[in-house]
1. Would you mind calculating the relative contact order of the chain from Cα pairs under 8 angstrom and at least 6 residues apart, reporting the percent as a whole number?
2. With charges only on Cβ, +1 for K and R and -1 for D and E, what is the dipole size of the chain about its Cα centre, in debye, rounded to 20?
3. What lysines sit close enough to LYS75 to cross-link, taking a C-alpha to C-alpha distance under 17 Å and skipping anything fewer than 8 places away on the same chain?
4. Which ³J(HN,Hα) values, rounded to whole Hz and listed in residue order, are derived for region 63-75 from phi using the Karplus coefficients 6.51, -1.76 and 1.60 in 6.51 cos²θ - 1.76 cosθ + 1.60 with θ = phi - 60°, glycine and proline given as x?
5. GNM, the chain, Cα, under 10 Å: largest mean-square fluctuation among GLU137, GLU202, GLU170?
6. Along the charge dipole of region 38-121, Cβ charges K/R +1 and D/E -1, which of THR39, HIS74, LEU57 sits furthest on the positive end?
7. Distance between Cα centroids, region 171-189 to region 54-84: provide it in whole Å.
8. Please report the relative contact order for region 110-213, taking Cα pairs under 8 Å with a sequence separation of at least 6, and give it as a percent rounded to a whole number.
Amino acid sequence: MAANGNPNHGGRYFPPTAYRENPQTSADTAESTFWDPDTDYGATRYQEGVYKWAASLIKSNQAMVIDIGCGTGHKLAGIVAPVSRDWLGVDQESAISIASRECPQGNWLCADLSQPEVWADLAELRADLVICSDVIEHLLDPLELVQRLGGLIGPTGHALVSTPDRSRLEGRDPLGPPLNPLHIREWIPEEFKLLVESAGLEVVEMHHFFPRGYSPTVANFRRLVKRALQFQALPDRRNTMTFLLRTA
């Protein structure tokens, strides 16, 4: 069953009804962790464009920022934190242990985001901007996540949510399952807008960004050479769709 994907949950999350999902989630377990403490995550800056947009949105008003699913925190600490009044990165233990080690002066919270009381505590911070970058495609219930993000931003805040645009991914099947086995499902912009609206939020703006930053590292140089030899696009297509949201 895993090779062909699981059936979509009755279209509830707005991919086509025939869309096939992956079964795997990305949570830490007793047997394994999602984030590897020995990997240099700072060398590959995925979703860098998302965080640069976030920084441009808040630099004039010194906002309070919460990053849900901040990962190892390199982009939050390096791009958004310098222009924020205050900030907090939230993720599971394997991510926060790396973030705390790499940026010990940062504000990090290790939390089980499946617990409602965690979200209630975060809502008390009254965030001006909530970032949730390339997290939602990993979750069994994306609608619940969007609803909870809405509970954090209140009537005046905004959420910045990114996820891969299925229509722009290389080698993808429009009916899934995603090529990345850790992605349960992927959307196109029209589908994701319906998901957002069903959660009581509305889209203010949407942009596509490159999926990664291209800093001058050996790893990036090797990757570009490999893509060139395989006649793939240089750089990657702008396939990270990013939505600025507010309560409807």
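Bear in mind that the values in this text are calculations on the coordinates, not laboratory data. Quantities reported herein were computed from a predicted structural model and do not represent experimental measurements. Quick reminder, even Gly has a Cβ in these numbers, built from the backbone with ideal geometry, and neighbours come from all protein chains shown.
1. Numbers: 477 pairs, mean separation 58.0, N = 248.
The value is 23 percent.
2. Working: 23 positive and 31 negative charges, 218 e Å.
The dipole magnitude comes to about 1040 debye.
3. Leaving aside lysines fewer than 8 places away in the same chain, those within reach of LYS75 are LYS52, LYS59.
4. Calculated HN-Hα couplings, in order: 7, 8, 10, 10, 10, 8, x, 6, x, 7, x, 4, 6 Hz.
5. Greatest mean-square fluctuation among the candidates belongs to GLU170.
6. Of THR39, HIS74, LEU57, it is LEU57.
7. Each part's Cα centre sits 28 Å from the other's.
8. 26 percent
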